[in-house]
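Student: Before we start, here is the structure in question, set down as structure tokens.
The values are calculated or read from the model by the stated rules, or taken from the named source; none is laboratory data. Not measured: the values here are computed from a predicted model. In this analysis, Cβ positions are derived from the backbone assuming ideal geometry, glycine residues included, and neighbour counts consider all displayed protein chains.
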Amino acid sequence: MGFVGALLLGAGACTTGVSVDLSVVDGPRLLAVAASPAEVEAGGEVELTALWVDASGPRGDDALAWSLCTARRALAETGPVATACLQGAAGAVDEIDVAPSVTATLPEDACRLFGPDPPPAEPGEPQGRPVEPDRTGGYYQPVVVDADGEQAVLGVRLDCGVAGATQAQAAELRRRHRANVPPRVESLAQGRGDDARVLEDGAVLQVSGGETIDLRVRWAACAQTPTCGDGACTLDEDAETCPDECELAAGCGGAEWYARFDPIALEPVDTREAIGVAWYATGGEFDVARTGRAADDPARSSDNAWTAPDEAGRVTIWIVLRDDRGAASWRTLVVDVED
């Protein structure tokens, strides 16, 4: 259940044979949701903030209705969550609030419903199977968001145990585990190489109609070998060995290293995150809608080119960073297109 982004479901969500530019924002869209913290224990509290926009820019209304899905998806069902959750059936959802940003308390049995723990038995049915993890070893609490009549499904990463590991392996993974931290936009620049100009947060960029500009987003650096004093509490560091960092539980806002259980090798392995970048704009055109860096690519920046529309006016651009463990953050850039 690795649905870590916002997936819109609605009457017009599936169109066969039509090419769709995912970067174009020409109507209401839920582009991303940030969870704080990005990884939550069952019964824990999480703040969810939506990047909810339309063709005129960010939306600040209270049109988003949030709910926690508490029903397991039947084996015969397809899709990311149980149909009963999408239908708002009684007993299948816990309503949270109607607001752009909400605080939710996850179910105490979330790791049984959506994780590696044996699920609760249904009356008259055999014992169900635990949920399979995604490729990063993660499990997710489903959240349904109703956005002006269209539904979005996302997953909050759960801090659960592991399935298939020996007792010693599970203990090792728990000892070395550090909660995921969202990738952080360190800078956004116009241009490439030595000619790139860093854009201040909140700055308004001015371009000519039809002009093409290069944009480079850079995220925080993470040490290849975690050591005390590198500014982050990561693998094999704790409050005893690195108190200045780990007492604050501060991770790294870039491509982090984390320990997971490999179900093929049947042993713990250290893995580096991949970072994906999604580019959106209310006007103009990007070269590509998605960029990023694979887990084995040490670079910590990603480039794209954007061509302004011919008509004068204001355009809003959003750059969304996601790691492959489900955390997200974003940066907004406002552009004035001149004649």
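Here is a yes/no grid of residues against (1) in the same structural domain as Arg29 (by TED's automatic domain parsing); (2) aliphatic (A, V, I, L, M); (3) within 19 Å of Leu199 (Cα to Cα):
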{"position": "Ala255", "(1), (2), (3)": "no, yes, no"}
{"position": "Tyr258", "(1), (2), (3)": "no, no, no"}
{"position": "Glu273", "(1), (2), (3)": "no, no, no"}
{"position": "Gly276", "(1), (2), (3)": "no, no, no"}
{"position": "Tyr280", "(1), (2), (3)": "no, no, yes"}
{"position": "Asp287", "(1), (2), (3)": "no, no, no"}
{"position": "Asp296", "(1), (2), (3)": "no, no, no"}
{"position": "Ile317", "(1), (2), (3)": "no, yes, yes"}
{"position": "Asp323", "(1), (2), (3)": "no, no, no"}
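Student: Can you tell me how many residues in the range 219-233 are surrounded by 18 or more Cβ atoms within 10 Å (Cβ to Cβ) and either more than 28 Å from the chain's Cα centre (by Cα) or of a type outside the set (Gly, Ala, Ser) (or both)?
Tutor: Qualifying residue count for the region: 4.
Student: Being in a loop (DSSP other than H, G, I, E, B) and touching a Pro at 6+ places or on another chain (Cβ under 9 Å) is the filter; apply it to the range 45-70 and report the residue that is surrounded by the fewest Cβ atoms within 10 Å (Cβ to Cβ).
Tutor: Gly60
Student: Taking the residues in the range 274-291 that are touching a Lys or Arg at 6+ places or on another chain (Cβ under 8 Å) and free of Cβ contacts under 8 Å to residues at least 60 places away in the same chain as candidates, determine which candidate is surrounded by the most Cβ atoms within 10 Å (Cβ to Cβ).
Tutor: Gly276
Student: For Pro309, are the conditions met, namely being outside any strand (DSSP E or B), surrounded by 13 or more Cβ atoms within 10 Å (Cβ to Cβ) and not hydrophobic (A, V, I, L, M, F, W, C)?
Tutor: Yes, satisfied.
Student: With under 30 Å from Leu235 (Cα atoms) and either within 15 Å of the chain's Cα centre (by Cα) or among the polar types (S, T, N, Q) (or both) as the only criterion, which of Gly137, Gly155, Gly164 stands out?
Tutor: Of the residues listed, the single one that is under 30 Å from Leu235 (Cα atoms) and either within 15 Å of the chain's Cα centre (by Cα) or among the polar types (S, T, N, Q) (or both) is Gly155.
Student: With the requirement that a residue be farther than 13 Å from Arg73 by Cα, more than 21 Å from the chain's Cα centre (by Cα) and surrounded by 14 or more Cβ atoms within 10 Å (Cβ to Cβ), what does the range 84-97 give you?
Tutor: Gly88, Asp94
Student: Within the range 85-109, take every residue that is of a type in the set (A, V, I, L, M) and either over 19 Å from Gly149 (Cβ atoms) or in a loop (DSSP other than H, G, I, E, B) (or both) and give me the one that is modelled with the lowest pLDDT.
Tutor: The residue in question is Ala90.
Student: Quick one: which strands (runs of 3 or more DSSP E) sit completely within the range 116-210 and have at least 2 residues that are at pLDDT 90 or above and touching a helix residue (DSSP H, G or I) at 6+ places or on another chain (Cβ under 9 Å)?
Tutor: 139-147, 150-158
Student: Tell me yes or no: at least one residue of the range 4-15 is out of contact with any strand residue (DSSP E or B) (no Cβ under 9 Å at 6 or more places or on another chain), in a loop (DSSP other than H, G, I, E, B) and either modelled with pLDDT under 50 or surrounded by 12 or more Cβ atoms within 10 Å (Cβ to Cβ) (or both).
Tutor: Among the residues of the range 4-15, at least one is out of contact with any strand residue (DSSP E or B) (no Cβ under 9 Å at 6 or more places or on another chain), in a loop (DSSP other than H, G, I, E, B) and either modelled with pLDDT under 50 or surrounded by 12 or more Cβ atoms within 10 Å (Cβ to Cβ) (or both), which makes the answer yes.
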